[in-house]
Amino acid sequence: MKQLFNFLIIFLVIIMMAVNTYSQNLERKDVPDKLKWDNSILYKTVDDWQKDYKSIEAGINKLSEFKGKLGVNPETFYRGLRSYFDVLQSFYKLSDYANRVSDEDLRNSSNQSLTQQSNTLGTQFGEVTSFMRPEILEISADKVKQFFEEKKELKEFKNFVSDILRLKAHTLNSQEEQILASAGLITATPSDVYGIFDNAEKPNAKVKLSTGEEVVLSSAAYTKYRTVPNRADRELVMRSTFENYKNFQNTIGSNLAGKIRADYFFAKNRKYSTVLESSLDANNIPASVYENLISQIHKNLPTLHRFLKLKAKMLGVDQLHYYDLYTPLVKSVGFKFNIEEGQKLILDVVKPMGAEYCATVKKAFDERWIDYMPTVGKRSGAYSSGAAYAYHPYILTNWTDDYESVSTVAHEMGHTMHSYFSNKNQPFATSDYPIFVAEIASTINETLLNNYMVNKVKTDEEKLYLLGSYLDLLRTTIFRQTSFAEFELELHKRIEKGEPLTGELMSTIYYDIVKTYYGNDSGACVVDPYIAYEWAYIPHFINYTYYVYQYSTSLIYATAFAEKIVKEGQPAVDKFYNILKGGSSDYPIELIKKAGIDPLSSEAFDLTIAKMNKVMDQMEEIINKKK
Ligand SMILES: [Zn+2]
């Protein structure tokens, strides 16, 4: 239930993949139609699009007629909201088409100009309708209530209006809002400073690997070389990178402290007592969800330590060090799937989701919702877009005949089903869904794919590969992201208590957290002293506020729902449809509760940790059998 125009972004959930070199020279015109998405259901020709553009533009301008009239009577209130959402729905369709055709070939300037046109129109929409929120806030609560009683058709917009009123206590008068908005120009500076320093001006360490290769350790080079098989090399790469950050810890730290003070400035002025409360309140998520995540993960650290010991065993090292974490457990086994095989596999994989779900996935394959082939000029990576409310969602992917191609489409298909069912079951005004629930539907499909493949593959190597990559995913997404979430919270607490916060202090705080998570004292994994400076390498802390924890909660909820669906069958699926069909008919926490899990309880964590232990049992069984 995000406000106004800002929520367009939610429909584009993008996961980035490595740029592939496969079929690099394939031209779009040489791809058979059945492997390309069908845009023509939105507009037959660009002329039709231009005609619609004109009529939407006129519709936007007409919206200004409601300025000053929303609070007059129930009828004008209804007509204002009705027109607002009708125009927005048409605009989404217009912009969906422009973005889809432009992503087909980013070199095509006439298609790019459609995107530019639609972006301009979007800005215009935002400007013209900027009166609505403050005007709705000015109507007294009693009067709003009376409007809803008198005009039954208003029901559709109840969530939209009540969400604006919910934040009334944290909304300032228009002059104060203007001051806060202009402060944004100054408070964006720390992020810019970090970006320029880290990517361009920071002197990087230079090392010579055992192969004789000399490497300059930029952030990108570090990510690549920390995985090398030679142990002394990866130790050298990690130590040199983080010791280099140590030289600048107080510069980077002072900059980060500035960003956190800016966050607090906004929170305080909006009458929140902490930044955590203010950040989570946008989606009405209680701060206790965040605190519960941290305490539950702490309780379950012994399971992470079990994984680390298993990792040491599989890598054949006596004592695991932090620099060993990125070395893959098992080498890739090179599964091959063409598109047809991939589709068949996905249809089998989603069977636990029930007949309606399976039939819709089949429809997505048959009715050309997906653009598969990597072609010259096409956008890289993959996404799902559900912006064309009255039509169907689209998936863009770049298929390369490997396992990642299948799991990417399975992931995006989850988003597409979420959009499809929400669009079909909700009025437009409550059809979008917030980030906090978005990654649940997608990640469930990835989990089901992994389960299915583990049962299906024949060799131990294949099984170990699947199980091992799954555990690595849990380690990096659940445990590592929560350790980041905890670090972020600690820094904010210092600032909010008025305590000093230097880079050196940040390193101490970070080092303590990482040592606890990785079991430094129990010997699960040695966290060498230079790891204290790792925080300075992670751009999320400066670029986001209380965002990364959602990577962790999404995977935990998805794993738990998948376990319930596998165990309980259709009744669990039926409940899960509360999320799939729910859009933003309720707040994310309530939707998750209706789907069968209380985010404030330990249930999701217990199911996820049990699953993790089960996977480790399976791996140990195979390893012991081999001996
Ligand atoms: Zn996703």
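The values are calculated or read from the model by the stated rules, or taken from the named source; none is laboratory data. All of these numbers come straight from a predicted model, not from anything done at the bench. A quick note on method: Cβ atoms are made from the backbone with ideal geometry, for glycine too, and the neighbour counts reach across all protein chains shown. When the accessible area is computed, the model is the full protein with side chains, heavy atoms only, and any ligands, DNA or RNA have been set aside. Shrake-Rupley method; radii C 1.70, N 1.55, O 1.52, S 1.80 Å.
Give me the percent relative contact order of segment 31-166, please, defined on Cα pairs under 8 angstrom at least 6 residues apart.
28 percent
How large is ³J(HN,Hα), in whole Hz, for each residue of segment 317-334 in order, when computed from phi with the Karplus curve 6.51 cos²θ - 1.76 cosθ + 1.60 and θ = phi - 60°, using x for Gly and Pro?
For segment 317-334, the Karplus curve yields 10, 5, 10, 6, 10, 4, 6, 8, 5, 8, 6, x, 5, 9, 6, 4, 9, x Hz.
What shape does segment 469-532 have by the C-alpha gyration tensor, where a ≥ b ≥ c are the square roots of the eigenvalues, rounded means a/c under 1.5, and otherwise prolate means a/b greater than b/c and oblate the rest?
Judged from the Cα gyration tensor, segment 469-532 comes out oblate (a/c at least 1.5, b/c at or above a/b).
Which residue, chosen from Leu276, Ile164, Cys358, occupies the Cα position most advanced towards the positive end of the dipole of the chain, where the dipole is computed from +1 (Lys, Arg) and -1 (Asp, Glu) charges on Cβ about the Cα centre?
Value: Cys358.
Round to a whole angstrom and tell me the spacing of the C-alpha centers of segment 271-327 and segment 55-93.
46 Å
Starting at 0 and stepping by 5 Å, how many percent of the alpha carbon pairs of segment 181-223 end up in each bin?
5, 19, 18, 16, 11, 10, 7, 6, 4, 2, 1
Students often get this wrong, so check it: of Lys493/Lys593; Lys69/Lys151; Lys515/Lys614; Lys351/Lys456, which have C-alpha atoms separated by over 18 Å?
In this structure, Lys493/Lys593; Lys515/Lys614 exceed 18 Å between Cα atoms.
Whole number please: convex hull volume per residue, Cα atoms of segment 203-247, in Å³.
Hull volume normalised by residue count: 57 Å³.
Could you pull out every one of the aspartates and glutamates with an alpha carbon less than 17 Å from that of Lys313, ignoring same-chain neighbours closer than 8 positions?
Asp324, Asp460, Glu461, Asp472, Asp617, Glu620, Glu621
Restricted to Cα positions, what overall size does segment 31-166 have along the principal axes? Three whole-Å values, descending.
Extents along the principal axes: 59, 27, 25 Å.
Any idea what Rg and Dmax come out to for the chain if you just take the C-alpha atoms, in Å?
For the chain, the Cα-based Rg and Dmax read 25.6, 80 Å.
Counting only heavy atoms of the protein chains, get the accessible area per residue of the chain (1.4 Å probe) and round it to a whole Å² value.
In whole numbers, the chain has 42 Å² accessible per residue.
Mind giving me the FRET efficiency for Asp48 and Asp606? R0 is 60 Å, r the Cβ-Cβ distance, nearest 0.05 is fine.
0.65
On full extension of the chain, what length is gained from Ala221 through Arg306, given 0.36 nm per residue of separation minus the C-alpha to C-alpha distance?
The span from Ala221 to Arg306 would gain 27.6 nm if fully extended.
When the helices in the chain are scored as -39500 (n - 2.57) per DSSP H run of 4 or longer and the sum is shared across all residues, what 222 nm value do you end up with, to the nearest 500 deg cm²/dmol?
So the calculated ellipticity at 222 nm is -19500 deg cm²/dmol.
Give me the percent of accessible area attributable to carbon and sulfur for the chain, probe 1.4 angstrom.
Roughly 52 percent of what the probe reaches on the chain is carbon or sulfur.
Classify segment 497-554: rounded, prolate or oblate, from the alpha-carbon gyration tensor (a ≥ b ≥ c, eigenvalue square roots; a/c under 1.5 rounded; otherwise prolate if a/b is larger than b/c)?
Cα axes put segment 497-554 in the oblate bin.
Please report, in cubic angstrom per residue, the volume enclosed by the convex hull of the alpha-carbon atoms of segment 382-451.
Convex hull of Cα atoms, per residue: 79 Å³.
Rounded to the nearest 0.05, what FRET efficiency do Thr187 and Lys271 have when you use their Cβ-Cβ distance and R0 = 25 Å?
With R0 = 25 Å, the Cβ-Cβ based efficiency is 0.85.
May I ask for the angle, rounded to the nearest 10°, between helix 301-315 and the longest principal axis of the chain, with both axes built from Cα atoms and the value confined to 0 to 90°?
For 301-315 against the chain, the angle is about 50 degrees.
Return the whole-Å distance between the Cα centroid of segment 329-367 and the Cα centroid of segment 95-113.
28 Å
Over 30 Å between Cα atoms: which of Lys62/Lys271; Lys29/Lys344; Lys93/Lys224 fall into that group?
As for pairs spanning more than 30 Å Cα to Cα, those are Lys62/Lys271; Lys93/Lys224.
Using a simple spin-label model with points 7 Å from Cα along the Cα→Cβ vector, what separation in nm is obtained for Glu153 and Asn73?
Modelled inter-label distance: 1.4 nm.
Just to confirm my numbers, what's the Cα centroid distance between segment 125-156 and segment 550-608 in Å?
32 Å
Please list 74-86, 106-118 highest first by mean number of surrounding beta-carbon atoms within 10 Å per residue.
74-86, 106-118
Kindly provide the chymotrypsin sites (Phe, Trp or Tyr not before Pro) of segment 153-208 that DSSP labels as loop, not H, G, I, E or B, and whose Cβ sees at most 12 other Cβ atoms within 10 Å.
none
About the Cα centre, and with charges only on the beta carbon of Lys, Arg (+1) and Asp, Glu (-1), how big is the dipole of the chain? Nearest 20 debye, please.
460 debye
Compute the helix-to-body angle for 503-517: its Cα long axis versus the longest principal axis of the chain, expressed 0 to 90° and rounded to tens.
70 degrees
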